[in-house]
Amino acid sequence: MTGAPGLDEAFTTMPRLKAAAFLAGCAEADFGAVTEACELTAPTLSKAATALEAAGYLHIRKGHVGRRPRTWLSLTAEGRCAFKAHLAALTALTEQGRAHDT
Amino acid sequence: MTPQAALATAADVRRTAASHQMPSWFPTVSASTFTAGMVISGVARLNGFGRGASAGMSTAGAVLIVANFALYPLLMWRWRRNGVVPRVNGCVPAARRRVALWATPVAFALSAVVWVSTGSFGWMLIATGVLFGAEGWYRQTGWRQR
């Protein structure tokens with residue numbers, strides 16, 4: 001899939017795709033909630049989050065809920081646009097594949 | 001990973017995130033506390049009530065309005081405790097967004113018309129409570145429709 005027209009390299013691994021898809025469905029989420037919902041391990045999500053942050057698509061914020069420290073993840077505006085474009089490219093590829101099969 | 005598999009995974013995961021939304025009780029409780037608070041405060045200012053009754057009603061109205069404003073930080077605290085803060089404005093259907101654009105100015109204008117035509121601050125408070133309560137309920141129920 002990498003290198004196909006319209007696809008964004010930042011979302012081409014499964015952990016990054018899952019993290020971005022989850023964050024696209026909410027305003028922000030706790031690191032633990034994302035690992036649980038996306039069925040990812042903490043190191044895998046950490047690596048994916050760092051890559052998305054480096055691309056400018058993810059914002060990482062440290063915070064507290066009561067006394068407990070939490071790490072909050074959210075997609076940036078640029079990240080939301082890029083992810084939307086990536087999904088559109090995937091949809092186009094899927095439709096092309098279907099047309100090719102028939 | 002095929003494009004189909006990637007799309008299906010993204011849709012599944014996104015649906016999981018979107019399942020965290022505003023509790024169903026919130027729009028009704030929020031609208032009713034605001035409307036009740038404003039209506040009671042307004043009625044307290046109309047003629048025909050003794051000073052004691054009027055003060056009691058004003059206090060009850062103020063308590064309801066404060067309770068209404070306290071609901072928002074409570075909701076945010078609940079979302080943060082659960083680890084997922086939903087996108088409330090980003091998922092309102094387009095038709096509701098269009099209505100919300102003009103509903104707030106119309107509610108302001110109607111409240112002003114009531115104030116000017118009756119010359120009564122009490123009636124203005126009652127109108128504001130009913131109009132903004134309805135507008136808030138409509139807007140917040142829209143947050144739940146994805």
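The values are calculated or read from the model by the stated rules, or taken from the named source; none is laboratory data. Worth saying up front: this structure is predicted, and the values here are computed from it rather than measured. Because the Cβ atoms are built from the backbone with ideal geometry, glycine has one as well, and the counts that use them run over all protein chains shown. Just the protein is used for accessible areas: all its heavy atoms, side chains included, with ligands, DNA and RNA removed. Shrake-Rupley method; radii C 1.70, N 1.55, O 1.52, S 1.80 Å.
Take the conditions aliphatic (A, V, I, L, M), in contact with an Asp or Glu (Cβ under 9 Å, 6 or more places away or on another chain) and open to solvent by 50 Å² or more (accessible area, probe 1.4 Å) and apply them to B:V66. Does it pass? Step through it out loud before you land on a result.
On the way: aliphatic (A, V, I, L, M): yes; in contact with an Asp or Glu (Cβ under 9 Å, 6 or more places away or on another chain): no; open to solvent by 50 Å² or more (accessible area, probe 1.4 Å): yes.
The answer is no for B:V66.
Scanning segment A:72-92 for residues that are within 24 Å of A:A48 (Cα to Cα), at the interface with another protein chain (Cβ under 9 Å from one of its Cβ atoms) and of a type in the set (A, V, I, L, M) gives A:L87, A:A89, A:L90.
Among the residues of segment B:13-42, which ones are in contact with a helix residue (DSSP H, G or I) (Cβ under 6 Å, 6 or more places away or on another chain) and among the β-branched types (V, I, T)? Hits for segment B:13-42 are B:V13, B:T16, B:T33, B:T35, B:V39, B:I40.
Answer yes or no: is there a residue in segment A:45-55 that is within 13 Å of chain B (Cβ to nearest Cβ) and open to solvent by less than 70 Å² (accessible area, probe 1.4 Å).
In the first step, residues of segment A:45-55 are kept if they are within 13 Å of chain B (Cβ to nearest Cβ); the result is A:45, A:48.
Checking the rest, the ones that are also open to solvent by less than 70 Å² (accessible area, probe 1.4 Å) come to A:45, A:48.
Within segment A:45-55, one or more residues are within 13 Å of chain B (Cβ to nearest Cβ) and open to solvent by less than 70 Å² (accessible area, probe 1.4 Å).
Taking the criterion of being farther than 30 Å from A:L73 by Cβ, in a loop (DSSP other than H, G, I, E, B), open to solvent by less than 70 Å² (accessible area, probe 1.4 Å) and not hydrophobic (A, V, I, L, M, F, W, C), the only residue of segment B:5-52 that qualifies is B:G50. Listed here are the helices (runs of 4 or more DSSP H) enclosed by chain A that have at least 2 residues being free of Cβ contacts under 8 Å to residues at least 24 places away in the same chain and touching a Leu at 6+ places or on another chain (Cβ under 8 Å): A:31-38, A:77-101. I need the full set of residues from segment B:71-108 which are more than 30 Å from B:R14 (Cα to Cα) and either open to solvent by 50 Å² or more (accessible area, probe 1.4 Å) or at pLDDT below 90 (or both), in order please. Residues satisfying the conditions are B:W102, B:A103, B:T104, B:P105, B:V106, B:F108.
Note on segment B:54-109: residues that are more than 15 Å from the chain's Cα centre (by Cα) and within 14 Å of chain A (Cβ to nearest Cβ) amount to 13. Looking only at segment A:11-23, decide whether some residue is under 20 Å from B:A17 (Cβ atoms) and more than 10 Å from chain B (Cβ to nearest Cβ). Checked against the condition, which is being under 20 Å from B:A17 (Cβ atoms) and more than 10 Å from chain B (Cβ to nearest Cβ), segment A:11-23 yields at least one hit.
Within segment A:56-83, the residues that satisfy the criterion of being open to solvent by 40 Å² or more (accessible area, probe 1.4 Å) and more than 22 Å from A:A33 (Cα to Cα) are A:E78, A:C81.
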